[in-house]
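To start, the structure itself, in structure tokens.
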Amino acid sequence: MVSGFDNITKIPELRKRLIVTFLLLAVYRIGVAIPTPGINSQALADFFARAQGTLFGMFNLFSGGALERLSVFALGIMPYISASIILQLLTVVIPYLDRLSKEGEMGRKKITQYTRYGTVILSVIQGFGISFGLEKMQGPVGEAIVLNPGWAFRLMTVITLTSGTAFIMWLGEQITERGIGNGISLIIYAGIVARIPSGIASSYELLRTGELGLFIILIVVAIMVLVVGAIIFMERGQRRIPIQYAKRVVGRKIYGGQSTHLPLKVNTAGVIPPIFASSLLMFPLTIANFLEHPITNAIRNHMSPENLVYNIFYVGLIVFFCYFYTAVVFNPVDVADNLRKFGGYIPGIRPGKNTAEHIDRVLSRITLGGAFYVAAVCVLPTILARQFRVPFYFGGTAVLIVVGVALDTVTQIESHMLTRHYEGFIKSGRLKGRRG
């Protein structure tokens, strides 16, 4: 593995991509520390100190600590993800968007442009909700969080937060294009990892003062190790469908005749379903937590992360998005057509429609198992950690994102190395990422 890291420096393009990725992530972390004007920072910090383990703690986790400072990046990347969800859902309903999605690169660029517009609109809505809510909030001893309430503060907050989200969106696109890995996922990854040192420090302080027992900490650590091991095992799991290629005679040469397989990942959708589900639940809850109304109060009471109703919706959305995103990224009909075009077939299955139906049936079954695995990883550790009163937000969603994004990024790095005939991180073979 050490030699694998040494080989990275020998590939100029890979070295450049890694440097660009780290620099852009550093810019993101610097922006997290820049506060929005007009905020009593100490009162806001005291408020979030009491909000650990609540919905605000989860929001703060995904924003990388930006929300507790109300920095220029307080909204994080969630408005962009919500806009992406809306566009993908509308693609199924609106024929124009469906045609765009099938027009190749130009169509994807147009959909990306619409996603950016949607991100700005959602950021403006959430920015107004946050600004109105902050004016009504108070610190632990009754001090105002907003120094000078009014429309000047509201407009400044909306402009600042919307600009911050747009800039994060641009950073993510630049990382994807010029760096290594998926930029949006890496930004979420960086925000979660940045919270780990403070969580460890809080746990140590509680252990030192006797408020948290050593046995409880050992149990939480054991749960985390088991969850990480289960994630790595399942993310590398796949169902292999045997493929046979018929012999073809071209001139004086004979092609084909070999046997191979079609790998179908147990979790084809990766970390997208929990991210989509979280962002979809966060949007209405963000508004509800800043407005005082009987309806919003009911939403806030029944849709908090520790509530059964929230977890039922969360699991349902994860299962839905596992199937939905798998259907978006994997088309059995296209795979069957490509197999028939190149003389490939599944033994015992007729080419064409029957092959597509067989692949779809197998994919649907393993996706069900993958969806339940993702839901269990995202919900059970959160419930257990809350029972043990962990002093920071530890959830399976965060662990799944961290491990999944790390596996994807290492897989892409190894692909660059193997393409240029360098040894990868593991000598026995290529690391199996989710994309196979």
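The values are calculated or read from the model by the stated rules, or taken from the named source; none is laboratory data. Because the structure is predicted, anything quoted here is derived from the model rather than measured. Positions of Cβ are backbone-derived with ideal geometry, glycine not excepted, and every protein chain shown enters the neighbour counts.
Worth a mention:
- Conditions (1) touching a helix residue (DSSP H, G or I) at 6+ places or on another chain (Cβ under 8 Å); (2) at pLDDT 75 or above; number of the one not met by residue 342: (1)
- Within region 336-354, residues that are on the phi > 0 side of the Ramachandran plot sit with their Cβ atoms under 6 Å from residues that are aromatic (Phe, Trp, Tyr) and surrounded by 10 or more Cβ atoms within 10 Å (Cβ to Cβ), at 6+ positions apart or across chains, in these pairs: 343/245.
- The set of residues from region 238-262 being touching a Lys or Arg at 6+ places or on another chain (Cβ under 9 Å) and at pLDDT 85 or above comprises 238, 239, 262.
- Residue in region 352-362 that is modelled with pLDDT of 70 or more, assigned to a helix (DSSP H, G or I) and crowded, with 22+ Cβ neighbours inside 10 Å present: yes
- Selection count, region 113-126, where residues are at pLDDT below 85 and among the small types (Gly, Ala, Ser): 0
- Residue in region 203-219 that is closer than 21 Å to residue 76 by Cα and either touching a strand residue (DSSP E or B) at 6+ places or on another chain (Cβ under 7 Å) or at pLDDT below 85 (or both) present: no
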